[in-house]
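Derivation of every value follows stated rules applied to the coordinates shown; laboratory data play no part. These numbers were taken from a predicted model, which means no experiment stands behind them. Here the Cβ positions follow ideal geometry from the backbone for every residue, glycine too, while neighbour counts run over all protein chains shown.
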Amino acid sequence: MIKVKGLTKDYGARRAINNLTFDAEQGEIVGFLGPNGAGKTTTMRILSGYMPPTDGEAVVAGFDVVTDSIEVRRRVGYMPETVPLYRDMSVYDFLKFMADLRHLPNAEDRIDETLELVAMTDRADGYIGNLSKGMKQRIGLAQALLHRPEVLILDEPTIGLDPGQVVEVRELIKEIGKERTVLLSTHILSEAQNICDRVLIINKGKIVTEDTPENLQARLVGAERVILRIRGEQDDLPLLLKKVKGVEDVEPRSDGSVEFAFAPGRDVRPEVARALIKEGYDLLEMRLVGLSLEEIFLELTGSEGKGN
Amino acid sequence: MRNIWIIAKKEYDHYFASLIAYAVAFTILLVLGIIFGVNLWYYTNNAFQSSGTIPDSSSVTGAFVFLLVFFVPALTMHLVSDENRLGTLELLLTAPLRDHELIVGKWLGGFLFIFTLVVITLVYPVVIDNFVQPGIDWSMVLTSYLGVLLVTSAFLGLGVGISAMFSNQIATMFVTFTLFVFLWWLVGFPANLAPVGADVFRYLDMSTHFYDTLNQGVIQLGDLVYFLSLTALGLFIGTTAIEIRRWR
């Protein structure tokens, strides 16, 4: 559905994306993950027919984005990052306008169906300017879905939404992604983990890595880490922990607790607990912290990623 | 063609949904109404004297185009620049719509709005026609109205073209207005002074193409070419500005 080969885009002297190659199949939700300025929006704008690339090629829904731009745009639903909408139009009039531009034969029915899909039927006559951010986001999604596109491109679809709305929009995207190709960008790692079948990590215009969220996590988890807290003085704790077999990398934390690691599959927590009790400490907390996708991300994108 | 119409219809509706349409229509029709009333009084007074002139509506059409110099910048300033500022241009540029269809549609929306006003002002010659025996020269009236539409077309074309280059409405309005003042008045001044190239300045002067010919009931090919090429130039600039925006 989406085939991208050697895609490059320069803004003047600055290279926004550099030799990107990836593809996405039908029924697949692919997530673009990366810090701000990584080239996510640029890539999506090229794939949606907004701007041509400097070099390389992209085929979307069977058509080249440069030579058959109009055909691509007919088959793509695109929601830009800022969800631009006409504030002084009613929801219905706006969707009618977008439907007309796409020459939909049964526009009224499509609008009703789509409004139902994004749960906005009761606001059809309201002005867009009066809608909340989450509702505008849903209208942005509705205009992208009106023509039931083969490919859906969503730039930061959940940014600026409150947690309840985020869950709703994610569920909606998952539902849509069952039959269509969805390419979405995000800089929220849990989001990519949550809804995507495959994640492309992009930084400084290059794809750093590409895998399923589960594999990504598994690939990088070299060790499991534990945070430990006891009552009272903790000064001797690191010394004591180092005596327990299998405990590695002991580090006191600024909040008074101590962090340590153990090799995967060799859970040393029972031994640590026994050792602590035996020495007369009051054990308050012992918590396993898996390596988060955040840490994976930082590790993969290197020092540049940390700035964001 | 269908896409052009869809864009035009949206812009036309937008004028009436916002207050711009009513403000512009009110001001233009009020001024023209006053001018027409004064004229009618003047004609009727003169009619009882031997020096009476044949009444016509050229003073109304003449005042109409004069007002367009001031009102068209206000009508075109938002057309493309506001889409750019709000980001909605991204929606339009990713819809299956060609760049020139967008620009021509914007132009047509503005044109249909002013066309509506023009149709309303046709009431003035109709009134005169009822007062005069054996009636007024309709071919002259319609020629002067054709002139109004040609001036409208050129102004709107240039206005849309300039609007596509900016994302700020006020900047768009000032640039458009300055260009119109230049084309309407300033460019004509050197025509009488310059030792060489006087013909070029005279040809560029928009007001002569209207007042000296069309508003007198004379249709000349040169005038038609002038107005239509300015329209085409404006629409071309607009389309190019959109294309440059894409490539940038």
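Ignoring everything except DSSP H segments at least 4 long, calculate the 222 nm mean residue ellipticity for the protein assembly as shown; use -39,500 (n - 2.57) per segment, divide by total residues, nearest 500.
Taken over the protein assembly as shown, the calculation gives -16500 deg cm²/dmol.
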Relative contact order for chain A, counting Cα pairs under 8 Å that sit 6 or more residues apart, in percent
20 percent
What is the packing order of peptides B:10-18, A:247-255, taking the mean over residues of other C-beta atoms within 10 Å and listing the highest first?
B:10-18, A:247-255
Can you list the residues, at least 5 places off or on another chain, whose amide H is less than 5 Å from the amide H of A:Ile17, using H built in the peptide plane?
A:Lys9
Where does the protein assembly as shown land on Rg/Rh, using Cα atoms and the Kirkwood Rh?
1.19
Sorted by chain and number, the residues with a modelled amide H under 5 Å from that of A:Arg198, at a separation of 5 or more or across chains, are A:Ile29, A:Gly31
Karplus-derived 3J(HN,Hα) from phi for the stretch A:246-252 (6.51 cos²θ - 1.76 cosθ + 1.60, θ = phi - 60°), whole Hz, x at Gly and Pro, runs x, 7, 10, 6, 7, 9, x
If R0 is 45 Å, what FRET efficiency do you get for B:Tyr42 and B:Asn192 from their C-beta distance, rounded to 0.05?
0.90
Helix A:269-278 vs. chain A, principal-axis angle (Cα, 0 to 90°, nearest 10)
40 degrees
Treating chain B as a set of equal point scatterers at the Cα positions, no solvent, please give the Debye-formula log₁₀ I(q)/I(0) at q = 0.11, 0.17, 0.18 Å⁻¹.
-0.63, -1.26, -1.35
3J(HN,Hα) from dihedral phi, the stretch B:133-145, Karplus parametrisation 6.51/-1.76/1.60, rounded to Hz, x for glycine, proline
10, x, x, 8, 7, 5, 5, 5, 4, 5, 5, 5, 5
Build a GNM of chain A with springs between Cα atoms under 10 Å: which of A:Glu71, A:Glu25, A:Glu259 gets the top mean-square fluctuation?
A:Glu259
Compute the Rg to Rh ratio over the stretch A:105-255 from the alpha carbon atoms, using the Kirkwood formula for Rh, and round to two decimal places.
1.19
Other chains near B:81-87: what is the mean number of their Cβ atoms within 10 Å of each residue's Cβ?
2
Taking only C-alpha positions in the stretch B:172-217, Rg and Dmax in angstrom work out to 11.8, 35
Taking the Kirkwood radius as the inverse of the mean 1/r across Cα pairs, report the Rg/Rh of the stretch B:128-248.
1.09
The equivalent-ellipsoid semi-axes of the stretch B:16-57, taken as the square roots of five times the Cα gyration tensor eigenvalues and listed largest first in whole Å, are 34, 7, 4
Under a 10 Å cutoff between Cα atoms, tell me which one of A:Val199, A:Val60, A:Val226 has the largest fluctuation in the Gaussian network model of chain A.
A:Val226
Calculate the FRET efficiency for B:Ile170 and B:Leu112 from the Cβ-Cβ distance with a Förster distance of 25 Å, rounded to the nearest 0.05.
0.50
What average count of beta carbons from other chains do you get within 10 Å of the Cβ of residues in A:84-95?
3
GNM of chain A, Cα pairs under 10 angstrom: of A:Ile46, A:Ile195, A:Ile227, the biggest fluctuation goes to A:Ile227
Karplus-derived 3J(HN,Hα) from phi for the stretch B:171-181 (6.51 cos²θ - 1.76 cosθ + 1.60, θ = phi - 60°), whole Hz, x at Gly and Pro, runs 4, 4, 5, 5, 5, 4, 4, 4, 4, 5, 4
With Cα coordinates, the longest principal axis of chain B makes an angle with the long axis of helix B:99-121, in degrees rounded to 10, of 20 degrees
Calculated P(r) of the stretch A:167-209 - Cα pairs past 15 Å, %:
44 percent
Debye-sum result for chain A in log10 I(q)/I(0), which assumes one identical scatterer on each alpha carbon, at q = 0.07, 0.10, 0.13 Å⁻¹
-0.38, -0.67, -0.92
Expressed in µm² per second, the diffusion coefficient of the stretch A:222-290 from the Stokes-Einstein equation, with Rh the Kirkwood radius over alpha carbon pairs, at 37 °C and 0.692 mPa s, is 276 µm²/s
